[in-house]
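Reading through the structure tokens given below for one structure.
The values are calculated or read from the model by the stated rules, or taken from the named source; none is laboratory data. This is a predicted model, so every value here is computed, not measured. Note: ideal-geometry Cβ built from the backbone for every residue, glycine included; neighbour counts use all protein chains shown.
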Amino acid sequence: MSVPEITETRQYLTFKLGDDVFGVDVATVREVLDFTTITEIPRTPEFMRGVINLRGSVVPVVDLRLCFEMPKTIKTINTCIVVVEILLDGESFVIGALADSVEEVIDLEPEQIQPSPRIGTQIRTEFIRGMGKRDSKFIMILDIDRVFSVDELVSVRGSEANRPPAEVAA
């Protein structure tokens, strides 16, 4: 039984958090960056690591491990920032997500993606669109628009709007 809303072959960018492999639809990925300096912002949720300057734009960076109730990301040579575009109330929003490492871009057929299990995973399953299977490995396909709750993103957006302009330029 495949996931009903996935009806055609799609490409997914795969990345690792710990030993787990995740995938996001490449259509949502803007770019992958090497780990760079992240400017911390006081009084933001714990998962909000700060902001980066991406060609003159302020882009919030979140720690996906914390979103998924895993230990905080520790910087290594492979740590990177996956910049994705999400929809929030019909508005496009760019956000960076820390990943332990980026694997590859893969094609998955609809029949290779099963519905997410309701129990037995470490992360909250409402973020998982489905479980892809490639060779003998499972890939958790994320619904990137649902990874971040509306309340959390509104608080992040609100903290950006309330900062003085000098802090935004960091």
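Quick look at the numbers
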| read-out | value |
| --- | --- |
| Residues (of a type in the set (V, I, T) and either in contact with a Gly (Cβ under 8 Å, 6 or more places away or on another chain) or surrounded by 20 or more Cβ atoms within 10 Å (Cβ to Cβ) (or both)) located in segment 90-104 | I95 |
| Matching residues, segment 8-32, being touching a helix residue (DSSP H, G or I) at 6+ places or on another chain (Cβ under 6 Å) and either at pLDDT below 90 or surrounded by 20 or more Cβ atoms within 10 Å (Cβ to Cβ) (or both) | L13, L17, V24 |
| Test: residue in segment 102-112 that is of a type in the set (V, I, T), over 15 Å from V21 (Cα atoms) and at pLDDT 80 or above | no |
| Single match in F47, F35 (criterion: hydrophobic (A, V, I, L, M, F, W, C) and over 13 Å from the mean Cα position of the chain (by Cα)) | F35 |
| Pair list, Cβ < 6 Å and 6+ apart or interchain, from segment 136-156 residues that are part of a loop (DSSP other than H, G, I, E, B) to residues that are basic (K, R) and at pLDDT 50 or above | D143/R129 |
| Selection count, segment 113-144, where residues are surrounded by 12 or more Cβ atoms within 10 Å (Cβ to Cβ) and at pLDDT 80 or above | 17 |
| Residues of segment 33-89 that turn out to be surrounded by fewer than 13 Cβ atoms within 10 Å (Cβ to Cβ) and part of a strand (DSSP E or B), as a count | 3 |
